[in-house]
Amino acid sequence: MPPLWEPSAERVANARMTAFMRHASAASGRSFTSYDDLHRYSIEQPADFWREVWKFCGIRGGMGHRIVDDLDKMPGARFFPDAHLNFAENVLRRRGAEPAIVFSGEGRRRTMTHEELYADVGRFGAALRKQGIRPGDRVAAYMPNLPETIVAVLGAASVGAVWSSCSPDFGVQGVLDRFGQIEPRVLVAADGYFFGGKRFDVMPRLAEVVRALPSVEQTIIVPYAGTDSGDTMLPRSTSWMEWLARGGGAAPEFDQLPFNHPLYILYSSGTTGVPKCILHGAGGTLIQHLKEHQLHCDIKPGDRVFYFTTCGWMMWNWLVTALASEATLLLYDGSPFHPDGNVLFDFADDAGMTLFGTSAKFLDAVNKAGLTPRHTHRLDSVRIMTSTGSPLAAESFDFVYTQIKPDIHLASISGGTDIVSCFVGGVPIAPVWRGEIQARALGMRVEVFDEKGQLVPAGEKGELVCTLPFPSMPLGFWNDPDGRKYHAAYFDKFPGVWRHGDYAALTEHNGVIIYGRSDAVLNPGGVRIGTAEIYRQVEQIDDVIESLVIGQHWERDERIVLFVRLKDGVTLTPALEERIRRRIRDNASPRHVPARIVQVTEIPRTKSGKIVELAVRDVVHGREIQNKEALANPEALDQFRHRVELQS
């Protein structure tokens, strides 16, 4: 089959990737005629490659002479060990009256210019200094995706504080499970938020959080939702405007800090225990994001970059850095289906969006809702659509090109909170093939291993691994002084190799297909099956809204159990069961056909929208769920407990 999309000659000629190929060619004396050539250079000469990324992207700071020490150690390699920089200084490189941020949130819209952002970051940082906040101190946020959240994260970075955030839909225990470990000195929180046309008051929960966090010296309250209790001030609290006033009219001061100075603390999903606190460095985050934004996503000055995300998902951190490429951030907070599924496409048209970042689940939901944005919206400014969060089904590729926009670069991307970036992603100068992630990212030596740690050929499935150090590897885990937890998380399976936990295969086009999480792989009769292989078939059936599949231990083997959420008014009849089984059998294999199909009314998910196969598997097997606070809808798990359909 031909590719679904190919870039025009003009688009290739004007791409940042093409400009970097010329730059790297001049620096290295090598000739690059394709992306594969460039990728080969990036993993064969990693020190040269990362040096040229620094130069090409214009990173502000002292690079130093050494690019990487101990490249043969994983973990243990150190990138740019002599370098000093400030993350916020690099992000705030643009000035003027053009919009830095365009915010939309369930009927609310406002804009912040680059000059206004720069000034507010200066005031926020100056107030932190007056509070005695120093490099390494933690500043936390319990915030919606607002312009104030961007001001706060950059103000914290300007002084070298470590930033961590949760979205305001987290319950009290979920916040404490995270912030209680890192002991923030300053907490930024909104009084409430809006979702699905409803206003939610955060203040009662915030009061509980603050009482349980003795480390918090100052709580800064952002008046967003105007909730009834919004004027009730907490002990050691102040309003957003009063806090900025403490900073006076100070311009930002940018402390020059080591390349690996800590910038962010992000969290594992926490569905199998208390979340792990993953510590990320400023320099590694910055250079990796600049590479992904400018080379893989073709972001240029003046572009308008959007990702549908909350402040509890790593894609928010990824979005923030787009300012370093002199782009405008488009922020949305609220439901993507209020008042209907057109709201984000309306935003794209109204705001002149160039990068539309979303999830595979959103695209599937738009398709299931029968929407055809191609016929209802212009979308003339949108050049690239990125999708992550879960594998993007081949049929969703078809939907984008037939019902959203034919001439668009669709980039399925994948990485994770673990590296606050991507292992695989888009290539704006190369074709898009149906159902495939286009390529392994520059500087990332991604391979697929079998269970014995041997390379498998293209087309065969196995563990996605990375065999070469890269700058955005975590600095470690919080409260893990000897690194044992960090090492166990990624390096125990294959010593010296990063095992990411995805079940994947390389393709004949040098692309990648991800079949689901390797810890959720099904194994009936010893045959390994990725969960996404089943989802792809089941969710093409009109009556099925979404599904979740697990392996159930049964008679000294494992059998496949499929849970389905159906459209309102639809019941799982024997005829519908047979349609589902036939679809799976005909388009996957008889091995993929579930032994049991069970109807549920809700699928449990994490706060960032990912389905929780492992938690459901534990419930089905009678095991206790350790941390329900990590889930957006923990009550949904009750439907999976003691199901009579699974007793025989």
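The values are calculated or read from the model by the stated rules, or taken from the named source; none is laboratory data. The model shown is predicted, which means the values in this text are computed figures rather than measured ones. Methodologically, a virtual Cβ is constructed for each residue, glycine included, from the backbone with ideal geometry; neighbour enumeration extends over all protein chains shown.
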Given the criterion closer than 30 Å to Gln256 by Cβ, within 26 Å of the chain's Cα centre (by Cα), in the same structural domain as Val320 (by TED's automatic domain parsing) and outside any strand (DSSP E or B), identify the matching residue among Phe170, Phe179. Phe179
Could you grab me the full set of residues in segment 79-130 that are surrounded by fewer than 18 Cβ atoms within 10 Å (Cβ to Cβ), under 23 Å from Pro262 (Cβ atoms) and touching a strand residue (DSSP E or B) at 6+ places or on another chain (Cβ under 7 Å)? Pro81, His84
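Of all residues being polar (S, T, N, Q) and more than 21 Å from Ile133 (Cα to Cα) in segment 236-282, which is farthest from the chain's Cα centre (by Cα)? Just the residue, please.
Thr272
Can you give me the number of residues within segment 470-496 that are within 30 Å of Pro431 (Cβ to Cβ) and either surrounded by fewer than 16 Cβ atoms within 10 Å (Cβ to Cβ) or not aromatic (Phe, Trp, Tyr) (or both)?
Number satisfying all stated conditions: 2.
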So, first residue surrounded by fewer than 15 Cβ atoms within 10 Å (Cβ to Cβ) in segment 37-66, second residue of a type in the set (Phe, Trp, Tyr) and modelled with pLDDT of 95 or more, Cβ within less than 7 Å, six or more apart or across chains; the pairs are Gly64/Phe80
Spot the failing condition for Thr606; the list is (1) crowded, with 17+ Cβ neighbours inside 10 Å; (2) more than 24 Å from the chain's Cα centre (by Cα), and only one is missed. (2)
Is it true that Trp50 is assigned to a helix (DSSP H, G or I), more than 29 Å from Phe397 (Cα to Cα) and touching a strand residue (DSSP E or B) at 6+ places or on another chain (Cβ under 7 Å)? yes
Any residue in segment 240-249 that is surrounded by fewer than 21 Cβ atoms within 10 Å (Cβ to Cβ), without any contact (Cβ under 8 Å) to a residue 24 or more places away in the chain, assigned by TED's automatic domain parsing to the domain that holds Gly174 and on the phi < 0 side of the Ramachandran plot? yes
Hey, can you tell me all the residues within segment 179-207 that are within 19 Å of Gln218 (Cβ to Cβ) and of a type in the set (D, E, K, R)? Glu183, Arg185, Asp191, Arg205
Considering residues of segment 592-648 that are in a helix (DSSP H, G or I) and touching a Gly at 6+ places or on another chain (Cβ under 6 Å) only, the residue nearest to Tyr515 (Cα to Cα): Ala630
Against the definition (within 20 Å of Pro75 (Cα to Cα) and assigned to a strand (DSSP E or B)), how does Leu263 come out, yes or no? yes
Looking for something closer than 30 Å to Ala88 by Cα, in contact with a Pro (Cβ under 7 Å, 6 or more places away or on another chain), modelled with pLDDT of 95 or more and not charged (D, E, K, R) - is there at least one such residue anywhere in segment 357-366? no
Evaluate the following for Phe20: is it in contact (Cβ under 8 Å) with a residue 60 or more places away in the chain, part of a helix (DSSP H, G or I) and in contact with an Asp or Glu (Cβ under 8 Å, 6 or more places away or on another chain)? yes
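Let's see how each residue does on (1) of a type in the set (A, V, I, L, M); (2) more than 28 Å from Gly174 (Cα to Cα):
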position	(1), (2)
Gly273	no, no
Lys276	no, no
Leu279	yes, no
His293	no, yes
Phe306	no, no
Gly357	no, no
Thr372	no, yes
When restricted to Arg185, Arg199, Arg205, the only residue surrounded by fewer than 17 Cβ atoms within 10 Å (Cβ to Cβ), assigned by TED's automatic domain parsing to the domain that holds Gly341 and of a type in the set (D, E, K, R) is Arg199
Checked Arg582, Arg623, Arg559, Arg565 against criteria (surrounded by 14 or more Cβ atoms within 10 Å (Cβ to Cβ), over 30 Å from Cys311 (Cα atoms), of a type outside the set (Ser, Thr, Tyr) and not assigned by TED's automatic domain parsing to the domain that holds Phe170); the one match is Arg559
Could you please tell me which pairs satisfy a Cβ distance under 9 Å, a separation of 6+ or placement on different chains, a first residue in segment 565-578 that is among the hydrophobic types (A, V, I, L, M, F, W, C), and a second residue that is loosely packed, with under 10 Cβ neighbours inside 10 Å? Leu566/Thr601
Looking at segment 104-113, can you tell me whether even one residue there is assigned by TED's automatic domain parsing to the domain that holds Pro184, within 25 Å of Val159 (Cβ to Cβ) and in contact with a helix residue (DSSP H, G or I) (Cβ under 9 Å, 6 or more places away or on another chain)? yes
Candidate set from segment 295-321 (those that are among the hydrophobic types (A, V, I, L, M, F, W, C) and part of a loop (DSSP other than H, G, I, E, B)); member that is surrounded by the most Cβ atoms within 10 Å (Cβ to Cβ): Cys297
For segment 452-468, state whether one or more residues are under 19 Å from the mean Cα position of the chain (by Cα) and polar (S, T, N, Q). no
Determine which single condition Ala324 fails, assuming it passes every other condition in (1) touching a strand residue (DSSP E or B) at 6+ places or on another chain (Cβ under 8 Å); (2) surrounded by 24 or more Cβ atoms within 10 Å (Cβ to Cβ); (3) modelled with pLDDT of 95 or more. (1)
Verdict on Val91 being within 25 Å of Ala324 (Cα to Cα), assigned by TED's automatic domain parsing to the domain that holds Gly284 and in contact with a Ser or Thr (Cβ under 9 Å, 6 or more places away or on another chain): yes
